[in-house]
Amino acid sequence: MTRFTQAELEAARNRLVPDVVADGLAVLFCGINPGLMTAATGHHFARPGNRFWPVLHLSGFTPRLMKPDEQGELLSYGLGITNVVARATARADELSAEEYREGGQLLASKLTGWKPRWLAVLGVTAYRAAFDDRRAQVGPQERMFGDTRVWVLPNPSGLNAHWTAATMAEEFGRLRDAARG
């Protein structure tokens, strides 16, 4: 794993992390925003404590445990990654309510072109803030963006102590089954 100085991580705040996307994906995973390690490497969910990659594998979305620098391979499985907010921060609580709303609007417009079958938002708090849905819970949502259905998944951050990797994998697996069905 590459080590970065604090100065290098801070400089990463100004970098944009490219989406991993193609038209017509089965599932487009949507993080809250890039962390500093993600921005520094250019690879989504790059922080070692983030459970996205292990949970993606445990849930059966990928046949093996992938590393962040292999993110481009997701497209071959009909999967992609984007974020609600493009700005990198050390913690998601550094984002403003306006950034969430603007990010949600921009994401909604991107979905009309990309047309994934499912948008999987990683974090119920982020979904609620971006789409002004205070009652949303983890699971499938009634809201759709064109033909794109929405599923809210638990945030895979290591800071999310409410969910274990195993319980997250169960919820991810429910989406995997729905996406295949």
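The tail of the calculated P(r) for region 92-181 beyond 16 Å holds 56 percent of all Cα-Cα pairs. Round to the nearest 0.05 the FRET efficiency obtained for ARG180 and LEU106 when R0 = 30 Å and r is the Cβ-Cβ distance. Efficiency for this residue pair is about 0.55.
The sum of -39500 (n - 2.57) across all DSSP H runs of n ≥ 4, divided by the residue count of the chain, sets its helix-only mean residue ellipticity at 222 nm to -10000 deg cm²/dmol.
Radius of gyration over Kirkwood radius for region 1-104, both on Cα atoms: the Rg/Rh ratio is 0.97. Full extension of the chain segment joining ALA22 with ASP147 gains 43.4 nm, where the gain is 0.36 nm per residue of separation less the Cα-Cα distance. A simple spin-label model places pseudo-atoms 7 Å from Cα toward Cβ; at THR167 and GLU94 they are separated by 2.9 nm.
The peptide list 117-123, 93-99, 48-54, 107-113, put in order of mean Cβ contacts within 10 Å with the highest first, becomes 117-123, 48-54, 107-113, 93-99. Counting only DSSP beta bridges whose two residues both lie in region 60-180, roughly 45 percent are antiparallel. Note on exposure: ILE32, ILE81 ranked by accessible area (1.4 Å probe, complete protein assembly) read ILE32, ILE81, with the most exposed listed first.
Could you please state how large a percent of the accessible area of the chain is carbon and sulfur, counting protein chains only and using a 1.4 Å probe? Exposed carbon and sulfur together represent 52 percent of the surface. Across region 70-143, Cα-Cα pairs farther apart than 16 Å form 55% of the total.
The values are calculated or read from the model by the stated rules, or taken from the named source; none is laboratory data. Note that the structure is a prediction, hence the values are computed from the model and not measured. For neighbour counting, all protein chains shown are included, and Cβ atoms are generated from backbone atoms with ideal geometry for every residue, glycine included. In case anyone asks, the SASA skips ligands and DNA or RNA and just uses the protein heavy atoms, side chains included. Shrake-Rupley method; radii C 1.70, N 1.55, O 1.52, S 1.80 Å.
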